[in-house]
Amino acid sequence: MRPLTEIIVHCTATPEGRAVSVKEIDTWHRARGWSGIGYHRVIDLNGDSWQGRDLASVGAHCAGHNLRTIGVVYVGGLSKDGKTAKDTRTLSQKEGLIAELTNLRDRFNIQKVSGHNEYAAKACPCFNASAEYDHLFPEGRSIVVSKNPDGLLRRGDAGPDVHRWREDLGAYRDKIGHPYPVPATGPFDHTLELVTMWFQKERGIQVDGIVGPQVLEEMKLALQGKPPFLAMPDNDEKPDTATALYHAEMIVKLLKTA
C-alpha cells in the first residue's frame, strides 16, 4: 500500500439533485485520456460511499497532489441551473462524508483533510473542507505535517516551517523597501506561492514556487545582504573577494557533509 497522509474532497460539478454513478464519472475521465475514474471514493445523493479507483493506486483528482492523497468526491456542486457553484450536499451526504473520512483517517493515519479549492483556482468542493473537518483530528490542524516528506515546502503545506518562511520573506521585503508586505499568517497558499516565485526571480534561481534547500540558502544570503550564490547568468554579478571566499568555504562544508 502506498503511503497516505491526506484526503482531498471534491464535488462532481453536476446540478443539484442529479444522480451520478461511478460508471458515469469513469466514462468522463476516460474521455480525458485517463486510465479510469480519478477519485477513490464517491458519495452519492443518499450518502452511500462507492469505490472508485483502488486506494492502492495513485489518483487523478488534484494536479501535483495525487501521490500521497485520497480523492473523495460527493455528487453535486452546482445549483439546478448547472452553472452556479453551490454546496449542494444533502444531510445524508454530509453524514456519509463524515463516516467515510473518519474510516479512512483511522485506517491510514490520515493527518489532513483539504478541499480541491485549496490547491487550485476552483470553487470545488464549494465549501471550506479544512474548517469543516478540523474536528476529526483531536489536536486540530496542529498535527498537519508542516512540509512534504520530500523536505520541500509548497502550496497547501502548513505549520511552523511555513510560518518561518513567511517571516523571512517579509523580512527580506522590508530590507529592500518593497511596498507590499507579506501576510503574516496562514498556510502556504496561492499568495505565498506568488511571493516565493518573486523571490526566486529576484535571486536568479529556478522559478517554481517551491521552497527547497537552495531557496532557503538564498534567503539566508539575501538577508545578509550578499549576492546570489548560484544565480542564472543574467543575474549573476561578479562577487567581491569576501563573498567569493564565503562561497568557497560553503562548498567545502557541503562536500564534507555530503
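Give me the number: length gained by fully extending residue 109 to residue 178, i.e. 0.36 nm times residue separation minus the C-alpha to C-alpha distance, one decimal in nm. Could you put the intermediate results ahead of the total?
Details: separation 69, 0.36 × 69 = 24.84 nm, distance 4.26 nm.
Using 0.36 nm per residue and subtracting the Cα-Cα distance, I get 20.6 nm.
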Scan around residue 74 for amide H atoms under 5 Å from its own, H built in the peptide plane at 1.01 Å from N, and keep only partners 5 or more places away or cross-chain.
-> 10, 11, 12, 43
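Using the Cα centre as the reference, give the magnitude of the dipole from point charges on the C-beta atoms of region 93-139 (Lys, Arg: +1; Asp, Glu: -1; all else neutral), rounded to the nearest 20 debye.
Working: 5 positive and 7 negative charges, 32 e Å.
Dipole size: approximately 160 debye.
Place a +1 charge on the Cβ of each Lys and Arg in region 68-117 and a -1 charge on the Cβ of each Asp and Glu, then give the dipole magnitude about the Cα centre in debye, rounded to the nearest 20. Kindly include the intermediate steps, with their values, before the conclusion.
Details: 9 positive and 5 negative charges, 28 e Å.
That gives a dipole near 140 debye.
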Note, residue 111: beta-carbon cut-off 9 Å, +1 each Lys/Arg, -1 each Asp/Glu, net +1
Please report, in debye to the nearest 20, how large the charge dipole of region 3-119 is about its Cα centre when each Lys and Arg carries +1 at its beta carbon and each Asp and Glu carries -1 there.
-> 200 debye
Mind listing the phi-derived Karplus ³J(HN,Hα) values for region 68-77, rounded to whole Hz, using 6.51, -1.76 and 1.60 with θ = phi - 60°, and x for any glycine or proline?
-> 10, 10, 10, x, 10, 10, 9, 7, x, x
Pairs to check: 23/80; 175/220; 23/112; 83/122; 23/83; 201/226. Give those whose C-alpha atoms are more than 19 Å from each other in this structure.
-> 23/80; 23/112; 23/83
Apply the Karplus parameterisation 6.51 cos²θ - 1.76 cosθ + 1.60, with θ equal to phi minus 60°, to every residue of region 24-41 and state each ³J(HN,Hα) to the nearest whole Hz, in sequence, with x for glycine and proline.
-> 5, 5, 4, 5, 4, 6, 5, 5, 8, x, 7, 7, x, 3, x, 8, 8, 9
Summing +1 for each Lys or Arg and -1 for each Asp or Glu, what net charge is found among the other residues whose Cβ lies under 10 Å from the Cβ of residue 94?
-> -2
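Just so you know, all these numbers are worked out from the coordinates, no wet-lab data involved. Source: prediction; values computed, not measured. Glycine also receives a Cβ, built like all others from the backbone with ideal geometry; neighbour counts cover every protein chain displayed.
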